[in-house]
Amino acid sequence: MTQYSVIGAGVAGLCVATELVARGATVEVYDPGGPPGPHGCSWWAGGMLAPWCEFENAEEPVLRLGQQAIDWWSKRTQVTHAGTLVVANTRDLPDLRRFSRRTEGFEHVDQAAISRMEPDLHEFGSGLYFAGEAHLDPRRAMQDLYRDLLGKGVVFHSRLAPAQLENAIDCRGLHARDLLYDLRGVKGEMLVIRCPDVTLTRPVRLLHPRMPLYIVPRGDGIYMLGATMIESEDSGRITARSMLELLSAAYALNPAFGEAEVIEIGVDLRPAFADNLPRIRRLGRTIYANGLYRHGYLLAPALAQGVADLALNGKHSEMVDEDRA
């Protein structure tokens, strides 16, 4: 039986390893950062499985392949199937109408319906409800994949992979720019807050004029706030402007968020190609799987299936970059 070496234990690497093992392959994983943790970009994700909402400014494969991700994750970790609610303040209703024209899979909801779904958002007069969407806790999801792989005999190496590996699959994200020259970093900034005075049961997107906000419930009054997508290679610190705008947008959603406690601040660089779609490339003896952009948990299952198809069967999925593979 052929052994495969997966380099990188972020969401891409763990999904690739999971898919290979499910098809009977022997796998080992190399990541000098060790098990999943704050060192990885995937740790700071929102965990929204929202293909219809993301279609607002994404290419068609995000919608089609992202729908498949909900079932893939539901078989492997806890997924909350509560949909997504999109709202806007009265002055921003043109943005809500624009959002509706560029998406699908939603129903219009009025103030009464919003109040029934999310009583703490009762002041919003209209919104869009995407019933088919879901969300997960990224940290729990990664730990679940990691533990499952350990239980199936996958060996994890907390050191650099040897320079020459047979059947290597590189899932290092931006660290692979030494060979993937067209890969770029897109900065994301997020906050984890504690606000027991607000109860939300599903991800909510607020169409805000300066910074469209998404907020994802983590349970026990914990929420993840995110919004920013900055073309920057600097992953050092969150900017003061981003911090103020994230908190201001949350306050606009519900003034009780003004009393929230900020418990974590996260900054990461997401790997992306020019069209913000992932790629699978074979260079020499190594397969490179990269470019998940902001769609890590949404597109990682399809990326992993494409890698397994190529590695095990020589099949080229739509993600294989034919010009370079």
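The values are calculated or read from the model by the stated rules, or taken from the named source; none is laboratory data. Keep in mind it's a predicted model, so treat the numbers as computed, not measured. All Cβ positions, even for glycine, are placed from backbone atoms using ideal geometry, and neighbour counts span all protein chains on display.
Could you figure out which of (1) aromatic (Phe, Trp, Tyr); (2) under 30 Å from Val87 (Cβ atoms); (3) in the same structural domain as His39 (by TED's automatic domain parsing) isn't true of Tyr146?
(2)
I'd like to know if the range 152-172 contains one or more residues that are part of a helix (DSSP H, G or I) and not acidic (Asp, Glu).
Within the range 152-172, the first condition is being part of a helix (DSSP H, G or I), and the residues that meet it are none.
The answer is no, given that none of the residues of the range 152-172 is part of a helix (DSSP H, G or I) and not acidic (Asp, Glu).
The conditions are (1) in contact (Cβ under 8 Å) with a residue 40 or more places away in the chain; (2) not assigned by TED's automatic domain parsing to the domain that holds Glu166, and Glu245 fails exactly one of them. Which is it?
Unmet condition: (1).
Where residues in the range 140-154 are out of contact with any helix residue (DSSP H, G or I) (no Cβ under 9 Å at 6 or more places or on another chain) and in contact (Cβ under 8 Å) with a residue 60 or more places away in the chain, which of them is nearest to Tyr214 (Cα to Cα)?
Out of the qualifying residues, it is Arg140.
Would you tally the residues in the range 112-133 being outside any loop (DSSP other than H, G, I, E, B) and either of a type in the set (Val, Ile, Thr) or surrounded by 14 or more Cβ atoms within 10 Å (Cβ to Cβ) (or both)?
Of the residues in that region, 11 qualify.
Does the range 198-207 contain any residue that is surrounded by fewer than 16 Cβ atoms within 10 Å (Cβ to Cβ), assigned by TED's automatic domain parsing to the domain that holds Asp268 and under 22 Å from Pro271 (Cα atoms)?
Initially, the range 198-207 is screened for residues surrounded by fewer than 16 Cβ atoms within 10 Å (Cβ to Cβ), giving 199, 201.
Still in the list and also assigned by TED's automatic domain parsing to the domain that holds Asp268: 199, 201.
Still in the list and also under 22 Å from Pro271 (Cα atoms): none.
Scanning the range 198-207 turns up no residue that is surrounded by fewer than 16 Cβ atoms within 10 Å (Cβ to Cβ), assigned by TED's automatic domain parsing to the domain that holds Asp268 and under 22 Å from Pro271 (Cα atoms).
What do you reckon, is Ala256 at pLDDT below 95 and either loosely packed, with under 14 Cβ neighbours inside 10 Å or not in a strand (DSSP E or B) (or both)?
So Ala256 fails the test.
Looking at (1) of a type in the set (A, V, I, L, M); (2) over 27 Å from Gly296 (Cβ atoms); (3) loosely packed, with under 13 Cβ neighbours inside 10 Å, which is the one condition that is false for Leu160?
The failed condition is (2).
Can you tell me which residue in the range 65-97 is surrounded by the fewest Cβ atoms within 10 Å (Cβ to Cβ), limited to those that are in a helix (DSSP H, G or I) and among the charged types (D, E, K, R)?
By that ranking, first place goes to Arg91.
Can you tell me which of Ala9, Ala17 is in the same structural domain as Phe156 (by TED's automatic domain parsing), in a loop (DSSP other than H, G, I, E, B) and crowded, with 24+ Cβ neighbours inside 10 Å?
Details: Ala17 fails: in a loop (DSSP other than H, G, I, E, B).
From the options Ala9, Ala17, the qualifying one is Ala9.
Residues that are within 17 Å of Val87 (Cα to Cα) and of a type in the set (A, V, I, L, M, F, W, C): does the range 183-194 have at least one?
no
Quick one: Asp137 ticks every box in (1) more than 28 Å from Ala260 (Cβ to Cβ); (2) touching a residue at least 40 places away in the same chain (Cβ under 8 Å) bar one, so which box is it?
Among (1) more than 28 Å from Ala260 (Cβ to Cβ); (2) touching a residue at least 40 places away in the same chain (Cβ under 8 Å), Asp137 violates only (1).
I want to confirm something. Restricting to the range 276-300 and keeping residues that are more than 16 Å from Glu59 (Cα to Cα) and of a type in the set (S, T, N, Q), which single residue is surrounded by the most Cβ atoms within 10 Å (Cβ to Cβ)?
Only one residue fits best here, namely Asn290.
Give the residues of the range 259-275 that are part of a strand (DSSP E or B) and either crowded, with 21+ Cβ neighbours inside 10 Å or not hydrophobic (A, V, I, L, M, F, W, C) (or both), sorted by residue number.
Residues satisfying the conditions are Glu261, Glu264, Gly266, Asp268, Arg270, Pro271, Ala272.
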